[in-house]
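The values are calculated or read from the model by the stated rules, or taken from the named source; none is laboratory data. Keep in mind that this is a model prediction, so the values were computed, not measured. As a convention, Cβ positions derive from the backbone with ideal geometry for all residues, glycine included, and neighbour counts pool all protein chains shown.
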Amino acid sequence: MKNRQRLNNTIKNVGAAAKGIAASPTAKKYTNDFLLILRMLKDYASGEYKYLSGSTVVSIALTALYIVSPIDIIPDHLPVIGGIDDAIVLTVLLKMLSEELKMYKAWLTVETSKEEENVQNSQ
């Protein structure tokens with residue numbers, strides 16, 4: 001339980017940093033998928049989404065840490081090229097998780113439908 005709370009706190013911090021990174025032109029393309037990955041991780045940490053492997057969680061965590069870390073292969077403060085390494089790392093993660101993201105989106109659709117149905121039934 002303590003680990004889940006720490007994971008939730010980390011997700012909040014990384015999510016806030018990711019929104020700041022979204023201003024980078026090279027990272028803009030990937031921001032929505034990255035935020036979706038964080039949402040998937042948050043749902044996993046809360047116990048709502050149970051379909052992630054340990055290696056997937058580690059891959060997401062390492063990518064998030066690299067992206068928000070001030071230590072990069074190419075420093076982020078360099079104009080134009082500063083976000084390239086972050087974009088490459090994120091691209092690799094997105095390719096690795098493409099099927100898992102599709103499954104998560106399908107799960108979200110089902111969960112949203114269930115919630116809407118519950119609201120309609122309670123009225």
For this session: Tell me which of these I81 doesn't satisfy, since it passes every other one: (1) aliphatic (A, V, I, L, M); (2) touching a residue at least 12 places away in the same chain (Cβ under 8 Å); (3) not in a helix (DSSP H, G or I).
Result: (2)
Seminar exercise, completed: Among L38, L94, the single one that is closer than 23 Å to R4 by Cβ and either in a helix (DSSP H, G or I) or in contact with a Pro (Cβ under 6 Å, 6 or more places away or on another chain) (or both) is L38
Exercise. So which of K19, K50, K102, K28 ends up being modelled with pLDDT under 80, under 27 Å from N3 (Cα atoms) and either exposed (fewer than 13 other Cβ atoms within 10 Å of the Cβ) or out of contact with any Leu (no Cβ under 7 Å at 6 or more places or on another chain) (or both)?
Worked result: K19
Seminar exercise, completed: D33 passes all but one of the listed conditions (1) modelled with pLDDT of 80 or more; (2) surrounded by fewer than 17 Cβ atoms within 10 Å (Cβ to Cβ); (3) more than 16 Å from L94 (Cα to Cα); the exception is number (3)
Seminar exercise, completed: Just one listed residue, out of L101, L90, is in contact with a Ser or Thr (Cβ under 7 Å, 6 or more places away or on another chain) and closer than 13 Å to D33 by Cβ, and it is L90
Problem set entry | Failed condition for I73, given (1) assigned to a helix (DSSP H, G or I); (2) exposed (fewer than 15 other Cβ atoms within 10 Å of the Cβ); (3) at pLDDT below 85 | (1)
For this session: Pick out the one residue from I84, I71 that is farther than 19 Å from T31 by Cα, over 16 Å from the mean Cα position of the chain (by Cα) and not charged (D, E, K, R).
Result: I71
